[in-house]
1. Could you pull out the residue among Ala63, Ala58 that is touching a residue at least 24 places away in the same chain (Cβ under 8 Å), farther than 19 Å from Ile23 by Cβ and in a helix (DSSP H, G or I)?
2. Which of the residues belonging to segment 34-59 are surrounded by 15 or more Cβ atoms within 10 Å (Cβ to Cβ) and within 29 Å of Met1 (Cα to Cα)?
3. State which residue pairs qualify: first residue under 16 Å from Phe90 (Cβ atoms) and inside segment 1-22, second residue of a type outside the set (Gly, Ala, Ser) and not in a helix (DSSP H, G or I) in any location, beta carbons under 9 Å apart, and separation of 6 or more residues or different chains.
4. Which of the residues that make up segment 69-86 are surrounded by 15 or more Cβ atoms within 10 Å (Cβ to Cβ) and in contact (Cβ under 8 Å) with a residue 24 or more places away in the chain?
5. Quick one: which residue in Leu95, Leu103, Leu129, Leu137 is within 25 Å of Gly64 (Cα to Cα) and either more than 20 Å from the chain's Cα centre (by Cα) or open to solvent by less than 60 Å² (accessible area, probe 1.4 Å) (or both)?
Amino acid sequence: MVFALLCCHWFGCLWWLISDLEIQEEELHSPWYVGHNTWHPMEWLKNDQRLHTKYSNAFFWGAGMVTSMVPRDIEPVTSIEALVTIFTMFFGLLLNAFVISSLTTALSSMNSKKELAGKQLDAIRNYLLVKGVPTDLRARILEYYEYLFTSSAALADLNLFNNM
């Protein structure tokens, strides 16, 4: 999460830097000048004196690129704008894929204890069936082990078959 916020900051700063480079040289013969360009911050924002307003808009642009939920049309005009936009969009896509896979792994590991207990209960149930243990005794044994697995913190330390 911290890395995603840091990327939002970096992308917003990069957006503002490119905008400053292109808008400073507004002479017609300059290779940076492209005329009216919606990729840049609005003129009122460039002229605003409050730093927090400028930063929040730049961060907003960066967050749009990181999350792939761009709030407005991002149409680069110059080649540097296109390169920055492509880089930030693909990096945001990769970051989202990493975050989603990490969350999936975390959620599946939370369920692993329950899965392990279920597998061990199945092994005990099958063992009892093979040995022909009567139904009432088999139910009590399975109830005991189910209680043991759900209340014990260390499943790996249990020596199941020796206890039986």
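1. Ala63 is the lone residue from the list that is touching a residue at least 24 places away in the same chain (Cβ under 8 Å), farther than 19 Å from Ile23 by Cβ and in a helix (DSSP H, G or I).
2. Trp39, His40, Pro41, Leu45, Lys54, Asn57, Ala58, Phe59
3. Trp15/Trp39; Trp15/His40; Trp15/Pro41
4. Residues satisfying the conditions are Ile74, Pro76, Val77, Thr78, Glu81, Val84, Thr85.
5. Unique residue meeting the criteria: Leu95.
The values are calculated or read from the model by the stated rules, or taken from the named source; none is laboratory data. Quantities reported herein were computed from a predicted structural model and do not represent experimental measurements. All Cβ positions, glycine included, derive from the backbone under ideal geometry; neighbour counts span all protein chains shown. Heads up: the accessible areas ignore ligands, DNA and RNA and are worked out on the full protein's heavy atoms, side chains in. Shrake-Rupley method; radii C 1.70, N 1.55, O 1.52, S 1.80 Å.
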